[in-house]
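The values are calculated or read from the model by the stated rules, or taken from the named source; none is laboratory data. Keep in mind that this is a model prediction, so the values were computed, not measured. Cβ atoms come from the backbone with ideal geometry, glycine included; neighbour counts cover every protein chain shown. In case anyone asks, the SASA skips ligands and DNA or RNA and just uses the protein heavy atoms, side chains included. Shrake-Rupley method; radii C 1.70, N 1.55, O 1.52, S 1.80 Å.
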Amino acid sequence: MPWRFLGYVGYYVGAGLISGAVVHHPMDPTRYSLIAAAGVLVFLVATFLNEVVLASEKPALAKTLRVLGASTMLSFGLGMLSGGMQHFADLPYRCAVLIPVGLVLAFVAYFLKEDKKPWRRVFGLMGLAVLVVAALTFAGLRHYAPTMGEAGGGHSHGNAVTEKTDDGGHGTNRNAPPGNAPTTPAPNPTAPAETHPDEESGHDDGHHH
């Protein structure tokens, strides 16, 4: 029982690491690639523990490899789906893609892992229904995404998604849709102070009245 508990904890911890990594990856690719790799490793260890070590019947090598491969796909699908839903208010354009793609990936991976004849499910009516839902979800989220910049919400990623500033202190926001390049106002030149002719010098001609 404790081992099976650890296996299920590994499922959720692995998916949680991946969900954060796929959303935040553009902010620091090296760091979040390592986090995603760690999440996949944890998810695969949990899968091997539950599906092979603790299984009542040991699966054949071919089935074990299929289960591990499908579990890798499933971990990314669940991570993209949950991470996109959690951070849509912060990164709407990126998450509008992650959510439907994650849904389709998780659906395909689940039946590859669990079903004896997965392709009949994937390319059947259920697969078509999932594909339609994913397409409608993408269209709806993409249409709604521009309003998120006005409404705000969630915890801010403004500092993280802004590219490194140049010497002038100006950055580029990666959360804006393509074509909306920021404009930098030209600095206002400071007009030289006018000097009164009588104040140009403290000249003393020596005459007193």
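Give the residues of region 99-140 that are small (Gly, Ala, Ser) and either closer than 24 Å to Ala55 by Cβ or touching a Lys or Arg at 6+ places or on another chain (Cβ under 9 Å) (or both), sorted by residue number.
Listed by number, the residues that qualify are Ala106, Ala109, Gly127.
Of Leu125, Leu91, Leu112, which residue is crowded, with 20+ Cβ neighbours inside 10 Å and of a type outside the set (Ser, Thr, Tyr)?
Result of the check over Leu125, Leu91, Leu112: Leu91.
Taking Val22 and the conditions (1) part of a loop (DSSP other than H, G, I, E, B); (2) within 26 Å of the chain's Cα centre (by Cα), which numbered condition does it fall short on, given that it satisfies the others?
Here Val22 clears every test but (1).
Between a residue in region 117-140 that is free of Cβ contacts under 8 Å to residues at least 40 places away in the same chain and any residue that is outside any helix (DSSP H, G or I) and open to solvent by 40 Å² or more (accessible area, probe 1.4 Å), which pairs come within a Cβ distance under 6 Å, given they are 6 or more apart or on different chains?
Going by the 6 Å Cβ cut-off, there are no qualifying pairs.
Could you please let me know if Met80 is in contact with a helix residue (DSSP H, G or I) (Cβ under 6 Å, 6 or more places away or on another chain), aliphatic (A, V, I, L, M), within 26 Å of Met27 (Cα to Cα) and open to solvent by less than 40 Å² (accessible area, probe 1.4 Å)?
It is true that Met80 is in contact with a helix residue (DSSP H, G or I) (Cβ under 6 Å, 6 or more places away or on another chain), aliphatic (A, V, I, L, M), within 26 Å of Met27 (Cα to Cα) and open to solvent by less than 40 Å² (accessible area, probe 1.4 Å).
Every residue in region 128-148 that is among the hydrophobic types (A, V, I, L, M, F, W, C) and surrounded by fewer than 12 Cβ atoms within 10 Å (Cβ to Cβ), please.
Of everything in region 128-148, those that are among the hydrophobic types (A, V, I, L, M, F, W, C) and surrounded by fewer than 12 Cβ atoms within 10 Å (Cβ to Cβ) turn out to be Leu128, Ala129, Val132, Leu136.
For region 4-22, indicate whether the set of residues that are modelled with pLDDT under 90, among the hydrophobic types (A, V, I, L, M, F, W, C), surrounded by fewer than 18 Cβ atoms within 10 Å (Cβ to Cβ) and over 28 Å from Val130 (Cα atoms) is non-empty.
Yes; the residues of region 4-22 include at least one that is modelled with pLDDT under 90, among the hydrophobic types (A, V, I, L, M, F, W, C), surrounded by fewer than 18 Cβ atoms within 10 Å (Cβ to Cβ) and over 28 Å from Val130 (Cα atoms).
If I ask for residues that are hydrophobic (A, V, I, L, M, F, W, C) and open to solvent by 50 Å² or more (accessible area, probe 1.4 Å), which ones from region 94-104 would you list?
Val97, Val101, Leu103
Those residues that are more than 13 Å from Val108 (Cβ to Cβ), more than 9 Å from the chain's Cα centre (by Cα) and not hydroxyl-bearing (Ser, Thr, Tyr), I need them from region 68-87; list them, please.
The answer is Leu68, Gly79, Met85, Gln86.
Can you say whether Ser56 is open to solvent by 20 Å² or more (accessible area, probe 1.4 Å), among the hydroxyl-bearing types (Ser, Thr, Tyr), closer than 26 Å to Trp3 by Cβ and under 17 Å from the mean Cα position of the chain (by Cα), as far as the supplied structure shows?
Here the answer is no, as Ser56 does not meet what is asked.
Residues Arg31, Arg66: which one is surrounded by 15 or more Cβ atoms within 10 Å (Cβ to Cβ) and either in contact (Cβ under 8 Å) with a residue 40 or more places away in the chain or more than 23 Å from Val122 (Cα to Cα) (or both)?
Just one listed residue meets the conditions, Arg66.
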